[in-house]
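Some notes on the structure that comes next.
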Amino acid sequence: MDFNIKKDLVFFDLETTGLNILRDRIVQIALIKYTPQSNEPQELQMLINPGIPISEESMKIHGITPDIIKNKPTFGQVAQQLYDFIGNADLSGYNSNRFDVPMLIEEFARNGFDFDIDNRKLIDVQRLFYKMEPRTLKAAHKFYVGQEFENAHDALADVKATINVLKGQLKMYENTDFENNDGEIVKTPVKNDMDALHQFTNDLSIVDVTQRLKYNSEGVIIFNFGKYIGQPAAEVLIKDKQYYNWILNKEFSHQVKKIVKKLVKEYEAK
């Protein structure tokens, strides 16, 4: 099956030093890019020296030890190559919206690259899977592809498995309706269309990938955490400069800080 895409689509997976998006680093990245012009995908994978220790828990999962990556390039040394490979492509992965995408944004930001996702479609295969058949990637592969999944937690193997799972999902749910928690029926939401998959697998009220900001029913960006939860962010940031500076100087994501700065600038320009 060929994907019905209007722009480039990059499937990717990361192996990391740990699970903290702001503090941990990438040790392996694998990407497979599909383009509207060609049915032959392009592959790119590399090991990366993170410059910090790899947690014991992570090494047990992916098997990448300090000896394996000690002579590999740092992210900064390959950032331009990765940035150019991805280009303006839409992104897809397994649990990518909550982990891989924000981790990649932070790595790029640390090295002077503003990896903007505002105009990208994000297709999280895990969210599609969990909505239709809540399981793991290994179970998803067996369920949708009909084969056991070997070499789990090798980045390139995970990417290939994710691609096969999405293809299986597109076939299985081609004519299937979805009933949400409110009892509303969504007609055939799973289709070979990246716009439709983005709409179905993402909470469009959430503004940033770490879910610190969201839209209210009027389309106004509000805080989704802390003492100002539910309040309009721009108004709060203008009135409470100390809170604004606290966000800019604490461990909030690059994306949140960028949005906060933009909100203040636009509010002051009114």
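Throughout, read-outs are computed from the coordinates displayed, never taken from laboratory work. In this text the structure is predicted, and so the values were computed from the model without any measurement. We place every Cβ from the backbone using ideal geometry, glycine too, and count neighbours over all the protein chains shown.
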Out of all DSSP beta bridges in the chain, what portion is antiparallel? Express it as a percent rounded to 5.
75
Per residue of the chain, what 222 nm ellipticity follows from adding -39500 (n - 2.57) for every DSSP H run with n ≥ 4, rounded to the nearest 500?
-11500 deg cm²/dmol
Radius 13 Å from Cβ of residue 177, net charge of other residues (Lys, Arg +1; Asp, Glu -1)
0
What's the FRET efficiency of residue 239 with residue 84 using the Cβ-Cβ distance as r and R₀ = 51 Å, to the nearest 0.05?
0.75
Length-normalised contact order of segment 9-201 in % [C-alpha pairs under 8 Å, at least 6 apart]
20
Value of Rg/Rh across segment 83-125 [Cα atoms, Kirkwood radius]:
0.94
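If contacts are Cα pairs under 8 angstrom and at least 6 residues apart, what is the relative contact order of segment 213-269 in percent?
25
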With the dipole of the chain defined by +1 on each Lys or Arg Cβ and -1 on each Asp or Glu Cβ, the option from 229, 147, 172 whose Cα lies farthest towards the positive pole is 229
Cα extents of segment 160-270 along the three principal axes, largest first (Å):
52, 34, 26
How many times 2.2 N^0.38 Å is the alpha carbon radius of gyration of segment 104-224?
1.22
Given the C-alpha centroids of segment 174-229 and segment 32-87, what is the distance between them in whole angstrom?
30
First measure r as the distance between the Cβ atoms of residue 7 and residue 157, then evaluate 1/(1 + (r/R0)^6) with R0 = 35 Å and state the FRET efficiency to the nearest 0.05.
0.85
Restricting things to alpha carbons, find the Rg to Rh ratio for the chain using the Kirkwood radius for Rh.
0.98
Kirkwood Rh and Cα Rg combined as Rg over Rh, evaluated for segment 7-56:
1.13
How large are Rg and Dmax for segment 213-269 when calculated on the C-alpha trace, in angstrom?
10.5, 30
Return the long-range amide H neighbours of residue 224 (sequence gap of 5 or more, or a different chain), with a cut-off of under 5 Å between placed amide H atoms.
213, 214, 230
So for segment 4-50, taking the charge dipole from beta-carbon charges (+1 Lys/Arg, -1 Asp/Glu), which of 9, 27, 39 sits furthest toward the positive end?
9
Intensity falloff of segment 37-102 expressed as log10 I(q)/I(0), Debye formula with alpha-carbon point scatterers, at q = 0.18 Å⁻¹
-0.92
